[in-house]
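Below: one structure, written as structure tokens.
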Amino acid sequence: MSKNIVVVESPAKAKTIEKYLGKDYKVLATYGHVRDLEPKEGAVDPEHGYAMRYEAIERNEKHVRAIENALKKATALYLATDPDREGEAISWHLLELLREHGMLDEREVHRVAFYEITRRAIQEAIEHPRTLSQDLVNAQQARRALDYLVGFNLSPLLWKKLSTGLSAGRVQSPALRMIVEREREIEAFVPREYWTIEADVARDEASFLARLAEYRGRKVEQFSFEDEASAAEARRRLLAAAGGDEHRAGQLRVQGIERKQRKRNPAAPFTTSTLQQEASRKLGFTARRTMMTAQRLYEGVDTDEGTVGLITYMRTDSVNLAREAVDELRDFIAKRFGSENLPEQPRTFKTKARNAQEAHEGIRPTSVLRTPESLKPYLNPDQFKLYSLIWKRTVACQMVHAVFDMVALDLVPVVDPQIGRFRATGSTLVKPGFIAVYQEGQDDVKDEEAAKALPAVSEGDVLDLQSIRAEQHFTEPPPRYTEASLVKALEEYGIGRPSTYASIIETLRNKYCEMDGKRFVPTDVGRAVSDFLTNHFARYVDYDFTAHLEDELDEISRGERDWLKVLDEFWYPFKELVEEKEQSVSRDDLSRQLGVDPKSGKPVSVRMGRYGPFVQIGTRDDEDKPKFAGLRPGQKMDTITLEEALELFKLPRQLGETPEGEPVSVSIGRYGPYVKYGNKFASIRDDDPYTITLERALEIIREKKEADANRVIQDFPEAGIQVLNGRYGPYITDRQKNARVPKDRDPKSLTLAECQELLAKAPQRGRRGKAAAKKKAAKAPAKKKKAAKKAAGGRKKAAKKKAGKKKRAARKGNGQQPADSAGTTAPDAVATPDGSPVAGRPGDSAS
């Protein structure tokens, strides 16, 4: 048994490290976090010094036991988790568990940190261990406590005031606010017309573009020409001044030539944030995909050298590079690209990000000698793309700048040079430098240096004017956020940590936004949540406040602030505000009033409910129950008008009757639009319930009846047994059990006795034979233990639930049962859009 136990987070990392340390070291993985806060109220107790109740993460308990078993015969424990706050916290939690289990007696405990998984880095870390940093642990505990206190207090408030299943987060909510505010800017944007005047100019075989820069002694600005008339008049005058007309363009003279060189420097090495941005721009990767791929490259990939960590630690704000790495890069550049592409001194970069901290290096290859092409056989496509991006950016950052020759020509009409001046610009890349390897992508920006080269001319030369064009344009609203631009904005504001952006963006995509291509568009739910928090918790979604909180967490990690005082300053004002809003804000306060229904004289409003946005006519205080109607696809809470809202109440529409005399109507229920015939339902898939005709509805009904008829092979109503066609073939059912029809039997020939026999042998629905029963039996002791632990809480919840049911039953008995769709009673009671009892459509089972 090994004398030294080394603990890391992942098995891939463990495999790579173990081969570097030899037989005296055993490397084991925790498989991530080993403890977390109990997922229930009271896990953080502000009244007792923010005592935090942790519980072991069940899925990783076996890995902790493996570490404990290995430690029994070992003399030293090396905690080698990631070199950041999160890694420090994982080591601390593991240490606490081991201490509770009495596993640390007389054993040395060391904390080791490394930023790349190479033989040299690992051995150096083992030779120079340190103690666990309590400051880093406190910073992580403070962050976790803040996230918990925000989530466990704001989220339930959102459930009460808006809709169940919603969440608020310390960083997530300001990020959502950014997206919603940008969308409102776009919606409020009023395009402004403007015109540009351009000339197509030729010299010999070469043609180029020149823009009007000065007209009648004034500099041409964006809005110098705001309509077609003024632009057309200017064009006519310029043509005449050039000696041309509508049939012949005329000539321009070269009045001046301006030449200069422009240098462009390479971008800094990647940080977590810039890697996410660039992978989004160039590779189309989401932040999560980028981080998962980078994690694998860091932890190690099997190559001809064995398992090798290919990049340095990928959670970092630093743009520094180790001296050894720079030396290797400079040597590689000189040999591969020539000494002329190597600057005299190594390039250094300064971190721009606010709150820069964490690891001490930017993201780079562990060895530049491992070129992307040499590793291609060992990498999957995502790994190859991301490694290539990191390798090229790192090499480029130590190369010479690129040099462009910039030329500007001032051109005036030959007949009347005072009328105006055109300017043409061009550029030529004369020294590629780093661009030969890599060029950084940009968001929504036009590259000035992309202009084409101009032909050689001299001052005084006369050039042919091919045409003068006046073109109409309109100003454009600001662009919606992409993942790349959102990450950039969050980092610039200092909101959150780049290592958490991937999970935040995932939540925004899944719950509060739709994607228009690669751009975020907030849903009505996202808007409602953001508006509620911005209007009632403005301080806590304020960008500066959130960034200041990050500053304070950084101060805790450096030992400059007491983490408990930081929590006090946040918690008590926040708690008071939550309690005040719980009492003072009602659902009606969160609705948007549209006007008055002309038929009933009752108010019409749009609001958010459990199943999405809906329009309501009337209020809960009215003698008659309110009417509800869900919004149609494409309609938005912010923009729907009173007229559009009233259109929604045309449902249900009575269309007529079936040939058998069954009344036919259409409406929209909880599961979407449907046709009702008699007491049965058929879902509407591709038709609009507001415009569907009786003929089309009868087609849908016929298709539904045919499907139902084809589904039943045999029916034994006296025994409650049917033989049906199912998705996976024919089967027998009595609604309690399902039994397969033997392959050698025709299902049409089965007798009732045979069906009963097959059902008797079939397992209960929801169980899968002996294996399931065995698995259930194995879990029984654990479940029993958990049940005992939660018994008191369970009884309390049951009592509350029972009381709630009584209240709901009382409401129902008093006639407080709103209507389906636009006010008519549907067959089964489900819920109103905001979650209270309502009669609604039974669901797709009836379809």
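The values are calculated or read from the model by the stated rules, or taken from the named source; none is laboratory data. It should be emphasised that the depicted structure is a prediction, and the values quoted were computed from it without experimental measurement. Methodologically, a virtual Cβ is constructed for each residue, glycine included, from the backbone with ideal geometry; neighbour enumeration extends over all protein chains shown. The accessibility values were calculated without ligands, DNA or RNA, using every heavy atom of the protein model including side chains. Shrake-Rupley method; radii C 1.70, N 1.55, O 1.52, S 1.80 Å.
Does at least one position in the range 646-659 carry a residue that is loosely packed, with under 15 Cβ neighbours inside 10 Å, touching a residue at least 60 places away in the same chain (Cβ under 8 Å) and either farther than 27 Å from ARG702 by Cα or not aromatic (Phe, Trp, Tyr) (or both)? Checking the range 646-659: at least one residue is loosely packed, with under 15 Cβ neighbours inside 10 Å, touching a residue at least 60 places away in the same chain (Cβ under 8 Å) and either farther than 27 Å from ARG702 by Cα or not aromatic (Phe, Trp, Tyr) (or both). Of the residues making up the range 28-36, one or more are aromatic (Phe, Trp, Tyr) and within 32 Å of the chain's Cα centre (by Cα).
Across the range 16-45, the qualifying residues are those that are among the small types (Gly, Ala, Ser) and more than 24 Å from ASP147 (Cα to Cα), and the one among them that is modelled with the highest pLDDT is ALA29. Pairs are defined by a Cβ separation below 6 Å, a sequence spacing of at least 6 or placement on different chains, a first member in the range 691-717 that is over 29 Å from LYS650 (Cβ atoms), and a second member that is of a type in the set (Phe, Trp, Tyr) and part of a strand (DSSP E or B); no pair meets this definition. Taken over the range 458-486, the residue count meeting the criterion of being farther than 30 Å from ILE504 by Cβ and assigned to a strand (DSSP E or B) is 13. Across the range 658-675, a minimum of one residue is classified as touching a strand residue (DSSP E or B) at 6+ places or on another chain (Cβ under 7 Å), under 30 Å from ILE186 (Cβ atoms) and either β-branched (Val, Ile, Thr) or modelled with pLDDT of 95 or more (or both).
State which residue is nearest to the chain's Cα centre (by Cα) when the search covers only the range 615-631 and only residues that are open to solvent by less than 80 Å² (accessible area, probe 1.4 Å) and closer than 29 Å to TYR677 by Cβ. Residue satisfying both the conditions and the ranking: LEU631.
Against the definition (touching a Cys at 6+ places or on another chain (Cβ under 9 Å) and either in a helix (DSSP H, G or I) or open to solvent by less than 30 Å² (accessible area, probe 1.4 Å) (or both)), how does PHE545 come out, yes or no? Answer is no for this residue. Report yes if ALA56 is in contact with a strand residue (DSSP E or B) (Cβ under 7 Å, 6 or more places away or on another chain) and surrounded by fewer than 20 Cβ atoms within 10 Å (Cβ to Cβ), otherwise no. Spelling it out, ALA56 is indeed in contact with a strand residue (DSSP E or B) (Cβ under 7 Å, 6 or more places away or on another chain) and surrounded by fewer than 20 Cβ atoms within 10 Å (Cβ to Cβ). Close contacts from the range 554-579, counting a first residue that is touching a residue at least 40 places away in the same chain (Cβ under 8 Å) and farther than 29 Å from ASN535 by Cα and a second that is open to solvent by 70 Å² or more (accessible area, probe 1.4 Å) and part of a helix (DSSP H, G or I), with Cβ to Cβ under 7 Å and a gap of 6+ residues or different chains, come to none at all.
Report yes if some residue within the range 19-31 is aromatic (Phe, Trp, Tyr), within 20 Å of VAL64 (Cα to Cα) and open to solvent by less than 50 Å² (accessible area, probe 1.4 Å); otherwise report no. Yes, there is a match, as at least one residue in the range 19-31 is aromatic (Phe, Trp, Tyr), within 20 Å of VAL64 (Cα to Cα) and open to solvent by less than 50 Å² (accessible area, probe 1.4 Å). Being buried (at least 16 other Cβ atoms within 10 Å of the Cβ) and on the phi > 0 side of the Ramachandran plot, is that true of even one residue in the range 427-437? Yes: one or more hits. Filtering the range 108-147 to residues that are farther than 26 Å from ALA12 by Cα and open to solvent by 40 Å² or more (accessible area, probe 1.4 Å) leaves GLN134, ASP135, ARG144, ASP147. Within the range 508-535, the residues that satisfy the criterion of being hydrophobic (A, V, I, L, M, F, W, C) and outside any strand (DSSP E or B) are LEU508, VAL525, ALA528, VAL529, PHE532, LEU533.
Checking each residue in the range 273-310 for being open to solvent by less than 30 Å² (accessible area, probe 1.4 Å), touching a Phe, Trp or Tyr at 6+ places or on another chain (Cβ under 8 Å) and closer than 19 Å to THR366 by Cα picks out THR293, LEU297, TYR298, VAL301, THR303, GLY309, LEU310. State which residue is farthest from LEU136 (Cα to Cα) when the search covers only the range 77-124 and only residues that are touching a Phe, Trp or Tyr at 6+ places or on another chain (Cβ under 9 Å) and among the β-branched types (Val, Ile, Thr). Across the range 77-124, the extreme among qualifying residues is THR118. Out of the range 32-47, which residues are open to solvent by 80 Å² or more (accessible area, probe 1.4 Å) and assigned to a loop (DSSP other than H, G, I, E, B)? PRO39, LYS40, GLU41, listed by residue number. Of the residues making up the range 311-338, not one is surrounded by 18 or more Cβ atoms within 10 Å (Cβ to Cβ), more than 23 Å from PHE384 (Cα to Cα) and among the hydrophobic types (A, V, I, L, M, F, W, C). Quick one: is GLU185 free of Cβ contacts under 8 Å to residues at least 24 places away in the same chain and surrounded by fewer than 20 Cβ atoms within 10 Å (Cβ to Cβ)? The answer is no for GLU185. When the range 208-254 is filtered for residues that are of a type in the set (A, V, I, L, M, F, W, C), within 53 Å of the chain's Cα centre (by Cα) and assigned to a loop (DSSP other than H, G, I, E, B), the ones remaining, listed by number, are VAL220, PHE223, PHE225.
Matching residues to (1) under 16 Å from PHE337 (Cα atoms); (2) open to solvent by less than 20 Å² (accessible area, probe 1.4 Å); (3) in contact (Cβ under 8 Å) with a residue 12 or more places away in the chain; (4) out of contact with any strand residue (DSSP E or B) (no Cβ under 7 Å at 6 or more places or on another chain):
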| position | (1), (2), (3), (4) |
| --- | --- |
| GLY362 | no, yes, yes, no |
| THR366 | no, yes, yes, no |
| ARG393 | yes, yes, yes, no |
| GLN418 | no, no, yes, yes |
| ALA424 | no, yes, yes, no |
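From the list GLU699, GLU695, GLU643, GLU703, the one residue that fits, being surrounded by fewer than 16 Cβ atoms within 10 Å (Cβ to Cβ) and closer than 23 Å to ILE617 by Cβ, is GLU643.
Yes or no, residue by residue, for (1) closer than 29 Å to PHE225 by Cβ; (2) modelled with pLDDT of 90 or more; (3) among the hydrophobic types (A, V, I, L, M, F, W, C):
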position: GLU448; (1), (2), (3): yes, no, no
position: PRO455; (1), (2), (3): yes, yes, no
position: VAL462; (1), (2), (3): yes, yes, yes
position: LEU465; (1), (2), (3): yes, yes, yes
position: ILE468; (1), (2), (3): yes, yes, yes
position: GLN472; (1), (2), (3): yes, yes, no
position: THR475; (1), (2), (3): yes, yes, no
position: PRO478; (1), (2), (3): yes, yes, no
position: SER485; (1), (2), (3): no, yes, no
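With respect to the conditions (1) under 25 Å from TYR540 (Cβ atoms); (2) open to solvent by 10 Å² or more (accessible area, probe 1.4 Å); (3) hydrophobic (A, V, I, L, M, F, W, C); (4) modelled with pLDDT of 95 or more, TRP159 falls short on a single one, namely (4). Each residue in the range 73-87 was checked for being touching a helix residue (DSSP H, G or I) at 6+ places or on another chain (Cβ under 7 Å) and either of a type in the set (Ser, Thr, Tyr) or free of Cβ contacts under 8 Å to residues at least 12 places away in the same chain (or both), and 2 pass.
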